[in-house]
Protein chains: 2
Amino acid sequence: MKIYENIYLDENIQEPKYIQLYEALKSLIEERSIRPNDKMPTIRGLAKKLNVNTVTVVNAYKLLEQKGYIYTKVGSGTFVADKLNNNKINFFSENTFESSDEESQDNEKLINFSTLTPGKELFPVKDFKAVLDEVLERDGADAFTYIDAQGYKPLRKSVSDYLKECGIDSDFSNISIISGAQQGIDLVSKVLIEFNDSVVVESPTYTGAAAIFKNRGANIIEVSIREDGIDINELEEVLKKQNVKLIYVMPNFQNPTGITYSIDKKLALINLAQKYNAFILEDDFLTEINFNKKGVVPLKALDFCDRVIYIKSFSKIFMPGIRLAVLVSPFNISRNMILAKQNTDISSSGLLQRAFDLYIREGLWDKYIKDLNNIYQNRYKKMRDELIKIGDFSFEEPHGGIHFWVKSNLNPSILVYEAKKNGVLIAPGRAFYLDNRECEFFRISFAQVNENEIIKGIDKIREIFVK
Amino acid sequence: MKIYENIYLDENIQEPKYIQLYEALKSLIEERSIRPNDKMPTIRGLAKKLNVNTVTVVNAYKLLEQKGYIYTKVGSGTFVADKLNNNKINFFSENTFESSDEESQDNEKLINFSTLTPGKELFPVKDFKAVLDEVLERDGADAFTYIDAQGYKPLRKSVSDYLKECGIDSDFSNISIISGAQQGIDLVSKVLIEFNDSVVVESPTYTGAAAIFKNRGANIIEVSIREDGIDINELEEVLKKQNVKLIYVMPNFQNPTGITYSIDKKLALINLAQKYNAFILEDDFLTEINFNKKGVVPLKALDFCDRVIYIKSFSKIFMPGIRLAVLVSPFNISRNMILAKQNTDISSSGLLQRAFDLYIREGLWDKYIKDLNNIYQNRYKKMRDELIKIGDFSFEEPHGGIHFWVKSNLNPSILVYEAKKNGVLIAPGRAFYLDNRECEFFRISFAQVNENEIIKGIDKIREIFVK
C-alpha cells in the first residue's frame, strides 16, 4: 500500500476528487509503478488510507475499468490490466499465455516456457503451402463456397480413419469439423448447459473452458486431480448432491498437471457419468505426444455408453493458425451439435478444411506427428534432466505431452515474477484455479523452446535460488 | 390427415404399438408421402384418429425425433426433417437456403432464386490465390500462428480506411475481425444478453439471428417493418413496456424485404435506443450494392451516441468461404467483445486475414465491388422487368441489394411448391417470421442467377399461373 500514500487529492480545485484519483492511479499504472495483474487495493482500504469517501474510490475505479486500465475478477478483486498489450483479454488465465504473433515480437528476447503453443520453427509451412496450392488448382471457386456446417465430408472421412488409429471407432456422420477446441467447448455449452446447471471441472484445470461454462450461467464445481486422474469418490459425492450436466476433463497429459488417467479411472469415470446421467466432455490435445507411456487412450475409445463428447484439438500439436479441430458427438445430441455450429458461425473455413484433408491423405500428417514426437521427446528429456538438478523443485514425470507441473519450495508467484525479471516466462499454478488461489506449483513447457534454450532458461531460473 | 388413416396398429403382436407407429410414420417419410418441413399432426389429433393413447404417439414421435426423422419447433409443432440431406439444420430458416457445396450439386439443375449467396462464377479466385501465395511467401510460418483475438492489426487498419469511405469513422482499436456475421451476432448475444432479457427484431427478419437470441434465453419481440423502416411508434411502445437490451436491424436493403430505412427513421431509431438505454445491432450485408439510391448510409455512420454495434458481413458480397466479417464496437463494450471472441474461438484464421488485408491494400477489393455492382445492376433490371410482367405479383423497388420481396395473389407456400416442381427455387415469406406464419410474400434473389437464367426461371414461374 506504500505506493498509494503519495497520492494527493486537492480539496480546493474544481476537478472532482474521483477524477483526481483516477488520474493519479492511471499515472502509477502507466509508469508501471503498479504492474499488469497486480492486485489493486480494496475500495474500503484505499478510501481509508486516503481519507476519502468510498464513493470516490468506486468512481475512480469505474473510470479506470471503463478506460481499460484495470479489471475486476468476481470474487477475487480488482487487478491492473495489461494496457500496453491492449488487445489482451481482461482476466488472468491460460489464454494469457497464448502469445499472438504481434505480441510475441515484444517477448522475442524472453525464453517462453509458459505457452503450450508449438514454436513457429516446427510448422510444416512448405508442405502446407503445397497442399493449399493443390487445392486451389483442383477446386477453384469451390474452395471458397460455404461448406456444410458439419464440415467438409472428405475431411470428416479422413479424420474418421485417423481416429480409428487412436482407438476411436466413429462413423464420419458423427464427426464435425469446428474452428478449434475452444469453439467446441462453446458449442457443447450451448447444446447442454442452461442457466444454473452444474458443470464439473478438474482442479486445477484450463480456466478458458470454465469461462465459457460461466458465461452460460453454469454453476461450476471443481473436483481434485490425483496421481491417476480425477478423484472418483469426490466426484461421486458431487454427482449425488447436484444435478450435474457435464464433466469436463483432459484425461491424457492433463493441462496443467500432465497427469494421465489410468484405464481404471477412465472406466470408473464413464460408469459414473452413466449412473448419474451426465455427459463427459473430453478435451484431447496431446494424446499423440507419447513417449512409450501405457494406457494413453482417449476416453472416447472406452466409451461403451455413448456419453463422451470428444474434442480433438490440433492447436497444440500442429499450427494454431489453421483454427481447426474435430468434435465427435454422441449420437443423440449430434443433430443439435450441428445446429449449434450452424447458428454460431455457419461453418469453418472450407479452404483450410480442404487443405488439411489433403495434408492427411498425402500421409504428411502421420509423418509430421512422428517427427514432432522425436523433437519433443528430446526436449522432454533435456527439460526433465535440468529440472531435476534444482533441489527446490519436485515433480512427477508425465512420460509424454509438452509440459511439467512442478512443485516449488519458493512461492511460485514470486518465482514467476523473478523469472520474468531474468528473461524467462513460466506459468504460475494459480492461473489454473478458478479462484486464482495460492498454489505451490508452476507449469513449464518446452513447446516453444529448443534444447539449448531449455538449458539457458532453466539456468536463469536456477539463478533465482542462488541469489 | 387422410394419409394417416391407413396406418394400422396390431393389438395382437408383441411389438409395442409405439414402435409400430414409429415404423409406419418412418415409411411415410421415407417414401416422401409426407415431405420435408411438412407439419406432422398434433399428438392429440393423431391419437384420436388412430384410437390410441396419446402416450403411444408421444413415444413414437420421440423415437422419430431421436432418429432424425422429425423435429420440434417450440410453439409451432412438429415437422418432417430433411433426412436425405442429413447434414442440414433441423429448423426451417434462412440458413436452409444457404446451399453448401455438396448440396448444391444436387440442386445443379435447379434455378436457385432462394439464396443470397453469390454464385461461384463471381468469385475472384485468381486474384485471391495470388494474394494468398504472396502472403505465404512474405510471412512464412507467421501466417499460421495465433492472431490477436481482436484480429490482424494491418487488416483492422485497412478495414478502418474502407469504412471511412462508407461514412463510419472508427479507429482500428474499436474494430474486430470475426468469423462471419453469424459469429458477430453470437458474440454480441454473449456480451449483452442474459437469460430473460428482451430483444427486438424486425418483422419479418433473418431468423438465424433470432435463433441465437433464443439460445441465450432471450425474450424476442417482433416489430413491424414499414416502407421506410421499422415502425417507430410500435417500437417505442415496446421499449416503454419492456426492458429491451438489444434491437437487431438491417437498415439497408433489409433481409427479406429489401427496404432501406430513411435517414429520418435511422435517426429516430438511434434516438429511441439512447432514450431507452438499448443497444442497436446493425447487420450490414448489402450497403455496397446500391444503384443510385439516396440515403443508403450505415446506421453506424449516424451514431452520435455510440449505441450501434456494427457488423459488416462479406459473405453476401464476396466469397462466403473466407468466413470473415468486421465488427465495430461501441467503446464501452469493446473490451468485453474481444474477451467474448477469445472465449468463443480464440481468434479467426490468421492466414485468411492476412490475405484479405493484402487484397484490400492492393486495390482489388474496390475494383471487385465496382464490377459486382455492374453485374448485379444488370441482373436487377432484368429481374424487375420480368417480375413486372406477372400480373399476380406486386413489389416495391429496392433500388439496390440482391433481392425482391414480392407479394403474390397465389399463396406463396403453394407457389414455392409449384415452382420447385418446375425446377425453380424461391424463398417463402413465412421463413422470415419466428412463428412461420402464413404470408403473402416471397423473396426472390438474383445472387446466383445470370440474366439468361433469370428470364428462364421467371418464365417457369409464369407457367404456374397459366396452368
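The values are calculated or read from the model by the stated rules, or taken from the named source; none is laboratory data. This one's a predicted model, so the numbers in the text were calculated from it and none came from an experiment. We place every Cβ from the backbone using ideal geometry, glycine too, and count neighbours over all the protein chains shown.
Points worth noting:
- Residues located in the range A:168-184, provided they are in contact with a helix residue (DSSP H, G or I) (Cβ under 7 Å, 6 or more places away or on another chain) and at the interface with another protein chain (Cβ under 9 Å from one of its Cβ atoms): A:178, A:179, A:180, A:182, A:183
- Note on the range A:1-33: residues that are small (Gly, Ala, Ser) and not in a loop (DSSP other than H, G, I, E, B) amount to 2.
- Of the residues making up the range B:417-455, those that are without any contact (Cβ under 8 Å) to a residue 12 or more places away in the chain and either over 14 Å from residue B:114 (Cα atoms) or in contact with a Pro (Cβ under 6 Å, 6 or more places away or on another chain) (or both) number 3.
- Candidate set from the range A:25-48 (those that are farther than 27 Å from residue A:420 by Cα and surrounded by 15 or more Cβ atoms within 10 Å (Cβ to Cβ)); member that is nearest to the chain's Cα centre (by Cα): A:43
- Being under 24 Å from the mean Cα position of the chain (by Cα), surrounded by fewer than 24 Cβ atoms within 10 Å (Cβ to Cβ) and within 23 Å of residue A:115 (Cα to Cα) is a property that residue A:290 has.
- Residue count, the range B:49-64 (criterion: surrounded by 14 or more Cβ atoms within 10 Å (Cβ to Cβ) and either touching a residue at least 12 places away in the same chain (Cβ under 8 Å) or not assigned by TED's automatic domain parsing to the domain that holds residue B:8 (or both)): 10
- Among residues of the range A:110-127 being crowded, with 21+ Cβ neighbours inside 10 Å and more than 7 Å from chain B (Cβ to nearest Cβ), the one that is nearest to residue B:448 (Cα to Cα) is A:118.
- Evaluation of residue A:297 against (1) within 14 Å of chain B (Cβ to nearest Cβ); (2) assigned to a loop (DSSP other than H, G, I, E, B); (3) over 30 Å from residue A:139 (Cβ atoms) (one fails), failing number: (1)
- Residue among A:175, A:221, A:193 that alone is under 27 Å from residue A:349 (Cα atoms), over 17 Å from the mean Cα position of the chain (by Cα) and surrounded by fewer than 24 Cβ atoms within 10 Å (Cβ to Cβ): A:193
- When residues of the range B:300-315 are limited to those that are within 14 Å of another protein chain (Cβ to nearest Cβ), surrounded by fewer than 24 Cβ atoms within 10 Å (Cβ to Cβ) and not hydroxyl-bearing (Ser, Thr, Tyr), the one nearest to residue B:382 (Cα to Cα): B:314
- Boolean, residue A:348 is more than 14 Å from chain B (Cβ to nearest Cβ) and buried (at least 17 other Cβ atoms within 10 Å of the Cβ): no
- Hits in the range A:149-167 (condition: without any contact (Cβ under 8 Å) to a residue 24 or more places away in the chain and either facing chain B (nearest Cβ under 7 Å) or β-branched (Val, Ile, Thr) (or both)): A:153
- Those residues of the range A:186-228 which are within 30 Å of residue A:406 (Cα to Cα) and touching a Leu at 6+ places or on another chain (Cβ under 7 Å), in sequence order: A:199, A:200, A:207, A:210, A:220, A:222, A:223
- Residue within the range A:447-456 that is in a strand (DSSP E or B) and under 23 Å from the mean Cα position of the chain (by Cα) present: no
- When residue A:409 is tested against (1) modelled with pLDDT of 95 or more; (2) over 22 Å from the mean Cα position of the chain (by Cα), just one condition goes unmet, and that condition is (1).
- Flag for residue A:332 being farther than 22 Å from residue A:119 by Cβ, within 12 Å of chain B (Cβ to nearest Cβ), polar (S, T, N, Q) and surrounded by 24 or more Cβ atoms within 10 Å (Cβ to Cβ): no
- Restricting attention to the range A:316-329 and to residues that are out of contact with any helix residue (DSSP H, G or I) (no Cβ under 6 Å at 6 or more places or on another chain) and within 7 Å of chain B (Cβ to nearest Cβ), the residue that is nearest to residue A:355 (Cα to Cα) turns out to be A:323.
- Selected residue (only one of A:458, A:402, A:414 is without any contact (Cβ under 8 Å) to a residue 24 or more places away in the chain and not assigned by TED's automatic domain parsing to the domain that holds residue A:257): A:414
- Condition broken by residue A:339, with the remaining ones in (1) more than 10 Å from chain B (Cβ to nearest Cβ); (2) within 21 Å of residue A:213 (Cα to Cα); (3) more than 16 Å from the chain's Cα centre (by Cα) satisfied: (1)
- Within the range B:130-148, considering residues that are at the interface with chain A (Cβ under 7 Å from one of its Cβ atoms) and either surrounded by fewer than 19 Cβ atoms within 10 Å (Cβ to Cβ) or among the small types (Gly, Ala, Ser) (or both), the one farthest from residue B:358 (Cα to Cα): B:141
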